[in-house]
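Below is one structure, written out as structure tokens; comments come after it.
The values are calculated or read from the model by the stated rules, or taken from the named source; none is laboratory data. Fair warning: this is a prediction, and the values are worked out from it, not measured in the lab. Cβ placement follows ideal geometry from the backbone for every residue including glycine, while neighbour counts extend to all protein chains displayed.
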Amino acid sequence: MEIIITENCGETRVVIECARSNADILRLKAHIERFDSRLAATNGEERVFVDTTDILYFETVDERTFLYTENAVLDVKLRLYEIEEKLSSGGFLRISKSAVVNLNRVKSLRPQLNRTILATLDNGERLIISRSYAKRLRDILEI
């Protein structure tokens, strides 16, 4: 790895040089883009800012969107499609009509007999990836 210091540099740039792009390169790019990225949420009356690397997943229940971390469940004003648009380049993927998961927090994937996929997150929590979203996941992860 190399860091080049340039005097009078207007802004910091990160360049990834590679022979060809693959899933690992795309994850690295997403990680860099997500660096110091935070999302506003509420915890009762308190407004909090959550680092996107701490987010496990988002879920919509009764027309409300919730953000899940290891230690908290917070209310988010965004709809799932807005979360998808905002965070898709950061490794977040829609996995059902009601959920978006942080792929960087997925520890394992297990195909189920009904063609869904059981995702186990790094905190042990399990989510079902529905059949209609499983193909996109396979394409992204090249599996």
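Laid out as a table, the results:
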read-out	value
Meets criteria (more than 17 Å from Lys86 (Cβ to Cβ) and out of contact with any Cys (no Cβ under 6 Å at 6 or more places or on another chain)) for Glu59	no
Filtered residues of segment 81-125 (kept if among the aromatic types (Phe, Trp, Tyr) and within 17 Å of Ile140 (Cβ to Cβ))	Phe92
When residues of segment 89-98 are limited to those that are within 15 Å of the chain's Cα centre (by Cα) and of a type outside the set (Ser, Thr, Tyr), the one farthest from His31 (Cα to Cα)	Ile95
Output for segment 29-83, where each listed residue is within 12 Å of Asn102 (Cβ to Cβ), of a type in the set (D, E, K, R) and not in a strand (DSSP E or B)	Arg34, Asp54, Glu70
For Ser89: the one exception among (1) among the hydroxyl-bearing types (Ser, Thr, Tyr); (2) within 17 Å of Ile55 (Cβ to Cβ); (3) surrounded by 13 or more Cβ atoms within 10 Å (Cβ to Cβ); (4) touching a residue at least 40 places away in the same chain (Cβ under 8 Å)	(3)
Qualifying positions in segment 99-124 - part of a loop (DSSP other than H, G, I, E, B) and either in contact with a helix residue (DSSP H, G or I) (Cβ under 9 Å, 6 or more places away or on another chain) or under 20 Å from Asp24 (Cβ atoms) (or both)	Asn114, Arg115, Thr116, Asp122, Asn123
Segment 126-143, residues that are surrounded by fewer than 14 Cβ atoms within 10 Å (Cβ to Cβ), out of contact with any Ser or Thr (no Cβ under 7 Å at 6 or more places or on another chain) and either polar (S, T, N, Q) or assigned to a strand (DSSP E or B) (or both)	Ser132
The lone exception for Ile25 - which of (1) over 14 Å from the mean Cα position of the chain (by Cα); (2) outside any loop (DSSP other than H, G, I, E, B); (3) exposed (fewer than 12 other Cβ atoms within 10 Å of the Cβ); (4) at pLDDT below 90 it fails	(3)
Enumeration of residues in segment 49-62 that are more than 12 Å from the chain's Cα centre (by Cα), surrounded by fewer than 14 Cβ atoms within 10 Å (Cβ to Cβ) and not aromatic (Phe, Trp, Tyr)	Val61, Asp62
Selected residue [of a type in the set (S, T, N, Q) and exposed (fewer than 12 other Cβ atoms within 10 Å of the Cβ)] from Asn114, Asn43, Asn104, Asn123	Asn114
